[in-house]
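Participant: Take this structure, written in structure tokens, and hold onto it; I'll ask about it next.
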Amino acid sequence: MMDIGEKIYNLCVELFPINRSLMGSGVEKTLNILKRENPRIEIKRIPTGTKCLDWEVPGEWIINDGFLKDPDGIKIVDYKKNNLQVITYSSPIDKKISLADLKKNLFTLPNFPEAIPYITSYYNENWGFCLSENQKLKLRDGIYHAFIDSEIKPGNLSYGELFIPGSTKKEVFFSTYVCHPSLANDNISGASLATFLAKFVQNISNRKYSYRFIFIPETIGSIAYVSKNFKSMKKNIIAGFNLTCVGDDDKYSFLPSRNGNSLADKVALHVLKNNNLPFSYHSFLERGSDERQYCSPGLDLPFCSVMRSKYGEFKEYHTSFDNLDYVSKEGFEGSYRVHLKIIDILENNSRYKVNVLCEPQLGKRNLYPPISTHDSFALVKDIKNVIAYSDGKLDLIDLSEKINLPAWKVIPILKKLIHAKLIKY
Ligand code: ZN
């Protein structure tokens, strides 16, 4: 049987090659694949020109072809072979041009000479090609043919929304974006992980919280979503997570909410601190994704991000090297397990209270192991510590931190004690 890391990776492989930009057929194609996996995803559309807070939904960028031919007429850059090679939202061009003039419209990374950069020009009119610095250095003088067949037309900002109801209207919210072309860790890793987290959530029996997953274009998508939903978001979201850069196998990274003290921050940090794996703690000043909108003053939603290598921090970020070799089954598996722990803790995050005064007698309730070993001694100590701090004041996370035990080890103890009618919540 395929393990979960492999399943998530395989979905990432399927989504990777699609020609995505903010809007249009690439996003629609992506959303349709996600809907095949989770049929209850609703695809929603907001037309070009719609006012969204301080912004407006832009036109849709359509590109049919894009290439650069050298003085011998040989295609040396071809959008159809690599969708990073035309800048996203490039204007059309069909021009014979000298190398000296062409160079103004060539984008490379001199410090990472093998890599092709990913460049966008959403809101300024521009055209251009992206290539490796090594390739650019080899170009010889002469007349080149620059050709980009593209247009910007009125269209729709499409996004996917999956709502999974629980026993309360209070929501755990996952947001991820689907607007980058063939880039793996940033970006399509988020949608791949979200798909399998959503499948997991749908199978939780007696779900306490409702869950919402949205698949949007970054920035304009979250602004548009907030502009339509801010009242219900403000009222219902108890914890939110922006899923991005979750596919590589390097250390974890944490980006807090603006104030850093929400339930989302608390649960994510508890998991990362007790995961026995290294992680880097970033400041909100290092933000760069949709938490910029969700945490903005006035909205102040409890959103944080648990990533592997953080966007902007790894060398391959926004280059052709952020590809399917950069992400891995192991990387996805780790991110999946971390987010499952977060969900499990949130589902069980009540305040627990012991029913009896003084220490209850564990033996008569079959909670005391009949044979005393090193392990059973440790377990009894943990049970007694859980009881000692089940005072009705501490929530699960605070209780776990008080007794230096990960919440996922406290939960089974609490379940036993609830079953023995020693503890209520
Ligand atoms: Zn990006």
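Participant: If you look for lysine pairs in the range 277-365 that are eight or more places apart or on different chains, how many of them have Cα atoms under 22 Å apart? Please report the intermediate quantities before stating the final value.
Facilitator: Numbers: Lys310/Lys329; Lys310/Lys341; Lys315/Lys329; Lys329/Lys341; Lys353/Lys364.
Final tally of qualifying lysine pairs is 5.
Participant: With the other protein chains left in place, how much accessible area per residue, in square angstrom, belongs to the chain at a 1.4 angstrom probe?
Facilitator: 45
Participant: If r is the Cβ-Cβ distance from Lys402 to Asp3 and R0 is 35 Å, what FRET efficiency results, to the nearest 0.05?
Facilitator: Numbers: r = 35 Å, r/R0 = 1.00.
The formula returns an efficiency of 0.50 here.
Participant: Just grab the label-to-label distance for Ile97 and Phe112, each label 7 Å out from Cα along the Cβ direction, in nm (one decimal).
Facilitator: Between Ile97 and Phe112, the simple spin-label model gives 2.4 nm.
Participant: Can you say what percent of the DSSP beta bridges in the range 97-220, counting only those with both residues inside, are antiparallel? Round to 5. List each step's numbers first, then the result.
Facilitator: On the way: 7 of 16 bridges.
Percent antiparallel among DSSP bridges in the range 97-220 is about 45.
Participant: Also, I was wondering about something else. Roll a 1.4 angstrom probe over the protein heavy atoms and tell me the percent of accessible area of the range 173-260 that is carbon or sulfur. Could the numbers behind the result be given before it?
Facilitator: Values: 970 of 2300 Å².
Answer for the range 173-260 is 42 percent, counting heavy atoms of protein chains only.
Participant: In whole percent, how big is the carbon plus sulfur part of the accessible area of the range 1-112, probe 1.4 Å, protein atoms only? Don't skip to the answer; put the middle values down first.
Facilitator: On the way: 2780 of 5590 Å².
Ligands and nucleic acids excluded, carbon and sulfur give 50 percent.
Participant: How many Lys pairs in the range 1-129 lie less than 23 angstrom apart by Cα atoms, where the lysines are 8 or more positions apart or on different chains?
Facilitator: 27
Participant: Then there's this: Pick out which of Ile74, Ile63, Ile93 has the largest mean-square fluctuation in a Gaussian network model of the chain, springs linking Cα atoms closer than 10 Å.
Facilitator: Maximum among the listed residues: Ile74.
Participant: Hey, rough spin-label estimate for Lys138 and Ser25, points 7 angstrom out along Cα→Cβ, what's it come to in nanometres?
Facilitator: Label at Lys138, label at Ser25, 3.1 nm between them.
Participant: Per the helix-only calculation at 222 nm, which mean residue ellipticity applies to the chain, given -39500 (n - 2.57) for every DSSP H run of n ≥ 4 and division by its residues, nearest 500 deg cm²/dmol? Could you put the intermediate results ahead of the total?
Facilitator: Details: 12 runs with 137 residues, N = 425.
The helix contribution divided over the chain gives -10000 deg cm²/dmol.
Participant: What distance in nm separates the simple spin-label points at Asn32 and Asp149, each placed 7 Å from Cα in the Cβ direction?
Facilitator: Distance between label points: 2.1 nm.
Participant: Between Leu285 and Lys251, take the C-beta separation as r, use R0 = 25 Å, and let me know the FRET efficiency to the nearest 0.05. The partial results should precede the final answer.
Facilitator: Details: r = 20 Å, r/R0 = 0.80.
Step by step, r from the Cβ atoms, then E = 0.80.
Participant: Then there is this: Which of the aspartates and glutamates could a cross-linker span from Lys228 if the Cα-Cα distance has to be under 19 Å and same-chain partners fewer than 8 positions apart are dropped?
Facilitator: In chain and number order, the partners are Glu42, Asp54, Glu56, Glu161, Glu171, Glu218, Asp290, Glu291, Asp300.
The values are calculated or read from the model by the stated rules, or taken from the named source; none is laboratory data. In this text the structure is predicted, and so the values were computed from the model without any measurement. Glycine gets a Cβ as well: all are built from the backbone with ideal geometry, and neighbour counts include every protein chain shown. Ligands, DNA and RNA are stripped out before the accessible areas are found, and what is left, the full protein with its side chains, is counted by its heavy atoms. Shrake-Rupley method; radii C 1.70, N 1.55, O 1.52, S 1.80 Å.
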